[in-house]
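Here the structure is laid out as structure tokens; the discussion comes afterwards.
The values are calculated or read from the model by the stated rules, or taken from the named source; none is laboratory data. Note that this is a predicted model, so its numbers are computed, not measured. Methodologically, a virtual Cβ is constructed for each residue, glycine included, from the backbone with ideal geometry; neighbour enumeration extends over all protein chains shown. In case anyone asks, the SASA skips ligands and DNA or RNA and just uses the protein heavy atoms, side chains included. Shrake-Rupley method; radii C 1.70, N 1.55, O 1.52, S 1.80 Å.
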Amino acid sequence: MRAEYASIGIAPADLAADWHVQLGRWLTDAADAGLPEPNAMVVATADPAGRPASRTVLLKAYDAAGLVFYTNYTSAKGEQLAANPYASVTFPWYGLRRQVQVRGPVSRVDPAESDAYFATRPRGSQLGAWSSPQSQVIDSRDVLDTAFASYAARWPEGTSVPRPPHWGGFRLAPETVEFWQGRENRVHDRLRYRRDGATWLLERLAP
């Protein structure tokens, strides 16, 4: 399987001065192109022994401080980030022949920020956060369905569902942000913002 890329390239002059502004532009392009779940990103973490794991999560907020996603803190990625608080994320916008890769340290967001986001979730998603012992071995689907029904009865329709104490947000504070544009003959464009103290450098990388 092989596909030839012939898209227009990118130059430093094409990019915004701030990485998060440029990310917003490309997110908008991905959404306007009709790509499914353009805010989906692959998050890679590693355990204390350095063994990597990756999975797809949804970006829920971003600004100059970093990228925010939410999960169960006792999940595999939550435990890995507790032991090794560094991650890499990739936005795989294949339809546009684009990728963005972000690397940096990760920390939990303030509980009030997690509370505020949790309150905006659909009720079913709120109950789901209570129902699933994420990443743990379970005997059957019935375990999840029974737990969901139990929490749905505990907080009936019309009542407020509180945020589980084991669930909340992580923020990745970028050290590098790379914008990748596929080009013909596999001579791709790679432009990287790199933190240098209090400033950011923009560099071109060889493909």
Margin query: Here's a check for you: in the range 39-52, which residue that is under 14 Å from ALA82 (Cα atoms) and touching a Lys or Arg at 6+ places or on another chain (Cβ under 9 Å) is surrounded by the most Cβ atoms within 10 Å (Cβ to Cβ)?
Written below: THR45
Next item on the list: Residue by residue through the range 1-30, note down the ones that are surrounded by fewer than 17 Cβ atoms within 10 Å (Cβ to Cβ) and hydrophobic (A, V, I, L, M, F, W, C).
Entry: MET1, ALA3, ALA6, ILE8, ALA11, ALA13, ALA16, ALA17, VAL21
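For the range 172-196, how many residues are in contact with a strand residue (DSSP E or B) (Cβ under 8 Å, 6 or more places away or on another chain) and either polar (S, T, N, Q) or open to solvent by 50 Å² or more (accessible area, probe 1.4 Å) (or both)?
Residues of the range 172-196 in contact with a strand residue (DSSP E or B) (Cβ under 8 Å, 6 or more places away or on another chain): 172-183, 188-195.
Restricting the remaining residues to those that are either polar (S, T, N, Q) or open to solvent by 50 Å² or more (accessible area, probe 1.4 Å) (or both) gives 175-176, 181, 183, 190, 192, 194-195.
Qualifying residue count, the range 172-196: 8.
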Note to self: As an exercise: evaluate PRO85 against (1) open to solvent by 60 Å² or more (accessible area, probe 1.4 Å); (2) closer than 21 Å to GLY128 by Cα and give the number of the one condition it does not meet.
What the structure shows: (2)
Next item on the list: For ARG25, state whether it is basic (Lys, Arg) and more than 16 Å from PHE179 (Cβ to Cβ).
Entry: no
Check: From the set of residues in the range 115-156 that are among the aromatic types (Phe, Trp, Tyr) and over 22 Å from the mean Cα position of the chain (by Cα), which is least open to solvent (accessible area, probe 1.4 Å)?
Finding: TRP155
